[in-house]
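**Student:** Would you mind keeping the following structure in view while I ask a few things?
The values are calculated or read from the model by the stated rules, or taken from the named source; none is laboratory data. Remember, it's a predicted structure, so these values are computed and weren't measured experimentally. All Cβ positions, even for glycine, are placed from backbone atoms using ideal geometry, and neighbour counts span all protein chains on display. Remember, those area values only see protein heavy atoms, side chains included, never the ligands or the DNA or RNA. Shrake-Rupley method; radii C 1.70, N 1.55, O 1.52, S 1.80 Å.
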Amino acid sequence: MTEWLRKIQKEISRKTEGMNQSQKWEYIFTYYWYHILLIVLGIGIFVLLVRHLFFQKPPKEFVCVMINQAIRYERDEMLQEEFSKILKVPSDRVLIDSDYVFSYEGKQLEGANESSYEKFFFRWVVKELDAVVMPESFYRHCRELEYEFMDLDFLLTEEEITLWKKQMLFEDGRYKGLYLSDSYFMSYLNQEEEDPLLLVFLTGETHLKAKQKFLKFAMGTETGTMEGVNKKNEKYEN
């Protein structure tokens, strides 16, 4: 590469001998523009490679989004911090995001950010999501679109299934979601009486332990969970 540049430099010096500065630049950009383009592209690729190898953010250990809840970033960050302590990972490795307010068939919301609808399904398809808090009507909407959810049988013990079966959505012979009405998590959420909230998990074998812990975290049965959060929750209560 260095030898090639030196050769080009000598060639330019020879061919522009006797020209003034303005004429030299005009000549270079007329006859060597593709050389300049190759150099710029090479530098760009090198910078991107270095960034990818040395400055890439670590992947998330767990991602949960909330559909059609009040967007409260402080609450989301507080829950992230509490759950990251349970997972024993830095808080930036967990994401709980309520910035998903949109309309769908059978539910029209004023002031909704409709682009969030496409963003949600895109993140689902590329397997960036682990869990979702959603109204049951949106669960039915997803099922009509032929999206699948993880069976809770994979996350719960027989004892836990027996304990919580009255709070779970049973469909096609499987437990598909957990109603949050009687959960600790409910103190942070808004629920319409005719459209109860569900905690569901998306299919995939990644982050299984984190999914199990989050289910217990939402129910308040994980050791040490919610104690610190509940003390701060008064600001969210009406």
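**Student:** Applying the selection to the stretch 198-212, what residues are open to solvent by less than 70 Å² (accessible area, probe 1.4 Å) and either basic (Lys, Arg) or at pLDDT below 85 (or both)?
**Tutor:** Within the stretch 198-212, Gly204, Lys211 qualify.
**Student:** From the set of residues in the stretch 123-140 that are part of a helix (DSSP H, G or I) and not β-branched (Val, Ile, Thr), which is surrounded by the fewest Cβ atoms within 10 Å (Cβ to Cβ)? It would help to see each step written out before you state the result.
**Tutor:** So in the stretch 123-140, the residues part of a helix (DSSP H, G or I) come out as 123-125, 136-140.
Narrowing the set further to residues that are not β-branched (Val, Ile, Thr) leaves 123-124, 136-140.
Details: Arg123: 16, Trp124: 16, Glu136: 18, Ser137: 17, Phe138: 22, Tyr139: 23, Arg140: 14.
Top of the filtered list is Arg140.
**Student:** A further question follows. Which residues, counting only those in the stretch 74-121, are among the aromatic types (Phe, Trp, Tyr) and over 30 Å from Glu144 (Cα atoms)?
**Tutor:** Phe83
**Student:** Would you be able to tell me the number of residues in the stretch 166-197 that are farther than 18 Å from Phe217 by Cβ, open to solvent by 80 Å² or more (accessible area, probe 1.4 Å) and in a loop (DSSP other than H, G, I, E, B)?
**Tutor:** Qualifying residue count, the stretch 166-197: 3.
**Student:** Still on this structure: Which residues, taken from the stretch 141-165, are within 21 Å of Ser181 (Cβ to Cβ) and either surrounded by fewer than 14 Cβ atoms within 10 Å (Cβ to Cβ) or among the hydroxyl-bearing types (Ser, Thr, Tyr) (or both)?
**Tutor:** Answer for the stretch 141-165, where residues must be within 21 Å of Ser181 (Cβ to Cβ) and either surrounded by fewer than 14 Cβ atoms within 10 Å (Cβ to Cβ) or among the hydroxyl-bearing types (Ser, Thr, Tyr) (or both): Thr162, Leu163, Lys165.
**Student:** If you scan the stretch 93-114, which residues turn out to be closer than 25 Å to Ala210 by Cβ, open to solvent by 30 Å² or more (accessible area, probe 1.4 Å) and either among the hydroxyl-bearing types (Ser, Thr, Tyr) or part of a strand (DSSP E or B) (or both)?
**Tutor:** Once the filter is applied, which keeps residues that are closer than 25 Å to Ala210 by Cβ, open to solvent by 30 Å² or more (accessible area, probe 1.4 Å) and either among the hydroxyl-bearing types (Ser, Thr, Tyr) or part of a strand (DSSP E or B) (or both), the stretch 93-114 yields only Leu95.
**Student:** Please verify whether the stretch 147-161 includes one or more residues that are more than 21 Å from Thr221 (Cβ to Cβ) and part of a strand (DSSP E or B). Step through it out loud before you land on a result.
**Tutor:** To start, the set of residues in the stretch 147-161 that are more than 21 Å from Thr221 (Cβ to Cβ) comprises 147-149.
From what is left, the residues that are part of a strand (DSSP E or B) are 149.
Yes; the residues of the stretch 147-161 include at least one that is more than 21 Å from Thr221 (Cβ to Cβ) and part of a strand (DSSP E or B).
**Student:** I'd like the full set of residues that are free of Cβ contacts under 8 Å to residues at least 40 places away in the same chain and within 23 Å of the chain's Cα centre (by Cα), limited to the stretch 152-176.
**Tutor:** Passing the criteria: only Lys176.
**Student:** Report whether or not Tyr117 is of a type in the set (Ser, Thr, Tyr), touching a residue at least 24 places away in the same chain (Cβ under 8 Å), open to solvent by less than 80 Å² (accessible area, probe 1.4 Å) and not in a loop (DSSP other than H, G, I, E, B).
**Tutor:** Considered against the rule, which asks whether it is of a type in the set (Ser, Thr, Tyr), touching a residue at least 24 places away in the same chain (Cβ under 8 Å), open to solvent by less than 80 Å² (accessible area, probe 1.4 Å) and not in a loop (DSSP other than H, G, I, E, B), Tyr117 comes out as no.
**Student:** Residues in the stretch 198-215 that are in contact (Cβ under 8 Å) with a residue 40 or more places away in the chain and assigned to a helix (DSSP H, G or I): how many?
**Tutor:** So the answer is 7.
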